[in-house]
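These notes are about the structure you will find just below.
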Amino acid sequence: MENKELSNVSNNNEVLDLSSETKEINKKKSNKKKWLILSAIILGLILVGGAVYYFVLGKSNTSNKLKIEYLPFKSEKDENWGMIGADGKVLFKDEFDKNYSVSSVINGVFNVTNKKGLVSVYTATEKPQIINGCEDLKDAGVMSEGIIPIVRKGERIKYVNGNGKEYFTLTPYKGHEIEEVSPVFHDKLAYIKTDEGKYGFINTSGKVVIGPKYDEVSVFNGGYAWAVKKVKNKDNKEEDIYYIINKSGKEIKKLKKDINIESRYYNNYFLASMGEKDKQLVLLDKNGNIFKKFPSKITNINDYDNKTYIYKNKEDKWGINTMKDDKTIIRAKYDVIYKTDNGYLAKKNDKFLLIDEKDNKIKELDESYEYVFYLDDWKNLIAIDKDEKCELLNLKGEEISKDSYILGLDGLSVGAVTSDYFDATSVAKLITDKITDTGIGNIHFNDNVFSLLPEYASPYSYSNKNTFQVYGSECGLPSGNKYSTALSIITNKAIAQEHYSYETYYYWTYKSYEGTYFNKDIKAEAFMLPVSVETSNAIKDLETLAKNIYSNMKAKGFKVIVSESGIASKLSKNGTFLYIVPLVDENSTILEIVLAKKDNLVDIKEKFKEYQKEKEKYIPEEERDYDINVTDSATEVAVESATTWY
């Protein structure tokens, strides 16, 4: 994982500057939003081709009863959304706001996300109706095996049927919240993710059938999946170890550390790469044995069966070989090739064409098409021009409909369903279990922390700075879908500094720059731990979290110096001071925890007043469901002017 550097504490501040922490958390959240947007764009283009169903919902060796029945469309950009089928027939039109996000129809239902990010689930009829109890949800998945995962505001993940009847709720498993679930069932199993960041699987009754103990997993397909456990090697660096597992959770095989699986189980094999430096693509059977090694010139595979495979070579050209002996069927000369039910879709010299298995040209498609891809479910092609207009084509390249549309291709994407339930008591315990009067997580005061700097760090970027940040998980701190942690370590001296030499020539002395070098003996002097809360009731949850952390630390022997309703406070134990400070702005709700050997670092009273003043800006009065009045401190303690780290 990438480490992010934080701005250093300024000498001009009268109290500890916590704003840099807030900005860094905002940056991460902003990057997450950008990634989601980018993912939708990439999905729409799908690398100018390909069976979308395979990549998004998971084309299976066995029927998962998932089929894209309709796609959202509009005739013009400024029109509202309707639904259209593979034959070009319109189910309904001009029904949903053009600025809403509308999903494709699967098993007779679809999701509509409004401008506030709230999801409603509809039946796919000529006059779509909201499924009972499925309006303005925080999240929703896809109908599969007769049920769909949904999340109501402030609640755990539930499963309901097409009439809105509740089947089960995903409650904590062995004391850990289930924070995420895959949007659909594959092989009648869905993956789950707990607040520890571990993955397991549930069945269609909501029972955990494979306990959450993996760091990554694939979906099941044809009875098999892969799973990853992260381990530390002899150099204390993290490595991924892959396992092949079956539906009962049995680990069929532990793979060698230089083998990484690249795809789900497909057409009886896993696609994997082997080797630490010069990676070679291979196929593994269900027992983890190598079935085939591909020639070293091959850098990518986008489809395969027992007879052939489609590959890309080192010159970024695509071709087709036989599986048995790697004989050429179609020479690697195309910019891309994708398999259809009637041959292949290819691109060459910016033109799309349909070819057969002998490389005979069936038809060259219109030059106006910027992108063309194959939709496996519909058994047809979707061609997109430079104005984003889409045409439906059959596998002969003929127009199915004379009309062109703007299709909601982002409606093909299916994201994990995440819980909106925040157990402040549990999270507070996870956090406070990691805080003592000697340090946070597995890092203590006066520990040499040079090894925690990112591998790519340059002395120049840390010149004369004494603060750097690591992800919470890197130092034993918890994180979840609804909250995240990071740890800023403040060091006893500059992490790196410039060095100079002095030379005298006649009567002149010159200062000569020799370079910037790390101080490898830097030690932890203090810690800043921001906990970002991302829930529907973020401010309320933040305050509940603060109160629980405050209570827990008192129970651990920390004595109260200042307390503002338990929300903002300063405590101490054995000469160590703990500051709990809430922060809020239009993008973030953060609880800043500071652990230091310095007193009067933060003026708790002032910070609490600032917080109360700021939060009123971001909570509309009609949405306030708790007291926001500033309360007087229960403890009258004089707070002197704070010091800085310098």
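The values are calculated or read from the model by the stated rules, or taken from the named source; none is laboratory data. Note that this is a predicted model, so its numbers are computed, not measured. Using ideal geometry, Cβ is built from the backbone for each residue, glycine included, and neighbour counts are taken over all protein chains shown. Note: areas computed on protein heavy atoms with side chains; ligands, DNA, RNA excluded. Shrake-Rupley method; radii C 1.70, N 1.55, O 1.52, S 1.80 Å.
Quick one: in segment 485-502, of everything that is among the polar types (S, T, N, Q) and surrounded by fewer than 22 Cβ atoms within 10 Å (Cβ to Cβ), which residue is modelled with the highest pLDDT?
Asn492
If I filter segment 517-532 for residues that are hydroxyl-bearing (Ser, Thr, Tyr) and open to solvent by 20 Å² or more (accessible area, probe 1.4 Å), do I get at least one hit?
yes
Among the strands (runs of 3 or more DSSP E) lying completely within segment 352-420, list those that include at least 2 residues that are over 30 Å from Ala140 (Cα atoms).
Qualifying strands (runs of 3 or more DSSP E): 361-364, 369-375.
Here's a check for you: in segment 79-132, which residue that is open to solvent by less than 40 Å² (accessible area, probe 1.4 Å) and at positive phi is modelled with the highest pLDDT?
Here the residue is Gly108.
Scan Lys554, Lys511, Lys465 and give me the residue that is open to solvent by 20 Å² or more (accessible area, probe 1.4 Å), among the basic types (Lys, Arg) and touching a residue at least 24 places away in the same chain (Cβ under 8 Å).
Result of the check over Lys554, Lys511, Lys465: Lys465.
Which of the residues belonging to segment 113-138 are more than 25 Å from Thr535 (Cβ to Cβ) and of a type in the set (Ser, Thr, Tyr)?
Within segment 113-138, Tyr122, Thr123, Thr125 qualify.
Val219 passes all but one of (1) within 30 Å of Lys482 (Cβ to Cβ); (2) open to solvent by 20 Å² or more (accessible area, probe 1.4 Å); (3) part of a strand (DSSP E or B); which number fails?
Condition (3) is where Val219 drops out.
Being among the acidic types (Asp, Glu) and open to solvent by 40 Å² or more (accessible area, probe 1.4 Å) is the filter here, so list the residues in segment 133-146 that pass it.
Those that are among the acidic types (Asp, Glu) and open to solvent by 40 Å² or more (accessible area, probe 1.4 Å): Glu135, Asp136, Glu145.
Report yes if Ile320 is buried (at least 18 other Cβ atoms within 10 Å of the Cβ), in a strand (DSSP E or B), under 30 Å from the mean Cα position of the chain (by Cα) and at negative phi, otherwise no.
Details: buried (at least 18 other Cβ atoms within 10 Å of the Cβ): yes; in a strand (DSSP E or B): yes; under 30 Å from the mean Cα position of the chain (by Cα): no; at negative phi: yes.
Spelling it out, it is not the case that Ile320 is buried (at least 18 other Cβ atoms within 10 Å of the Cβ), in a strand (DSSP E or B), under 30 Å from the mean Cα position of the chain (by Cα) and at negative phi.
Only one of Asp376, Asp350 is charged (D, E, K, R), at pLDDT below 95, under 24 Å from Lys312 (Cβ atoms) and touching a strand residue (DSSP E or B) at 6+ places or on another chain (Cβ under 8 Å); which?
On inspection, the qualifying residue turns out to be Asp376.
Yes/no matrix, rows are residues, columns are (1) within 26 Å of Ser479 (Cα to Cα); (2) in a loop (DSSP other than H, G, I, E, B):
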residue: Lys77; (1), (2): no, yes
residue: Gly88; (1), (2): no, yes
residue: Asn132; (1), (2): no, yes
residue: Ile148; (1), (2): no, no
residue: Lys153; (1), (2): yes, yes
residue: Lys158; (1), (2): yes, no
residue: Tyr167; (1), (2): no, no
residue: Glu179; (1), (2): yes, no
residue: Pro183; (1), (2): yes, yes
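Identify all residues within segment 253-279 that are without any contact (Cβ under 8 Å) to a residue 40 or more places away in the chain and open to solvent by 50 Å² or more (accessible area, probe 1.4 Å); write none if there are none.
Correct list: Lys253, Lys254, Lys256, Lys257, Glu262, Glu276, Lys277, Asp278, Lys279.
Restricted to segment 558-574, and to residues that are without any contact (Cβ under 8 Å) to a residue 40 or more places away in the chain and over 13 Å from Val594 (Cβ atoms), which residue is most open to solvent (accessible area, probe 1.4 Å)?
Restricting to residues being without any contact (Cβ under 8 Å) to a residue 40 or more places away in the chain and over 13 Å from Val594 (Cβ atoms), the top hit is Lys559.
So which residues in segment 323-360 are more than 23 Å from Asp385 (Cα to Cα), surrounded by 14 or more Cβ atoms within 10 Å (Cβ to Cβ) and β-branched (Val, Ile, Thr)?
If the condition is that a residue be more than 23 Å from Asp385 (Cα to Cα), surrounded by 14 or more Cβ atoms within 10 Å (Cβ to Cβ) and β-branched (Val, Ile, Thr), then Ile329, Ile330 are the ones that fit.
Considering only segment 198-212, state which residues are in a loop (DSSP other than H, G, I, E, B) and surrounded by fewer than 16 Cβ atoms within 10 Å (Cβ to Cβ).
Ser205, Lys207
How many residues does segment 176-197 contain that are free of Cβ contacts under 8 Å to residues at least 24 places away in the same chain and either open to solvent by 50 Å² or more (accessible area, probe 1.4 Å) or not aliphatic (A, V, I, L, M) (or both)?
1
Is it the case, given these coordinates, that Lys230 is in contact with a strand residue (DSSP E or B) (Cβ under 9 Å, 6 or more places away or on another chain), among the charged types (D, E, K, R) and outside any loop (DSSP other than H, G, I, E, B)?
In short, yes.
Go through (1) assigned to a loop (DSSP other than H, G, I, E, B); (2) at pLDDT 95 or above; (3) of a type in the set (Ser, Thr, Tyr) and name the single condition Tyr309 misses.
Failed condition: (1).
Residues in segment 612-632: is at least one more than 28 Å from Gly154 (Cα to Cα), open to solvent by 10 Å² or more (accessible area, probe 1.4 Å), modelled with pLDDT of 95 or more and not small (Gly, Ala, Ser)?
No: zero hits.
Look through segment 401-456, keep the residues that are closer than 30 Å to Asp87 by Cβ and of a type in the set (Asp, Glu), and return whichever of them is most open to solvent (accessible area, probe 1.4 Å).
Asp403
Any residue in segment 350-361 that's in contact (Cβ under 8 Å) with a residue 40 or more places away in the chain and on the phi < 0 side of the Ramachandran plot: show its pairings with residues that are open to solvent by 40 Å² or more (accessible area, probe 1.4 Å) and not acidic (Asp, Glu) at Cβ separation under 6 Å, as long as the two are six or more apart or on different chains.
Going by the 6 Å Cβ cut-off, the qualifying pairs are Leu354/Ile362; Leu354/Lys363.
Going by the conditions given, is Gly472 at positive phi and surrounded by 12 or more Cβ atoms within 10 Å (Cβ to Cβ)?
Here the answer is no, as Gly472 does not meet what is asked.
Of the numbered conditions (1) of a type in the set (Gly, Ala, Ser); (2) modelled with pLDDT under 90; (3) open to solvent by 50 Å² or more (accessible area, probe 1.4 Å), Gly480 satisfies every one except a single condition; which is it?
Against the list (1) of a type in the set (Gly, Ala, Ser); (2) modelled with pLDDT under 90; (3) open to solvent by 50 Å² or more (accessible area, probe 1.4 Å), Gly480 comes up short only on (3).
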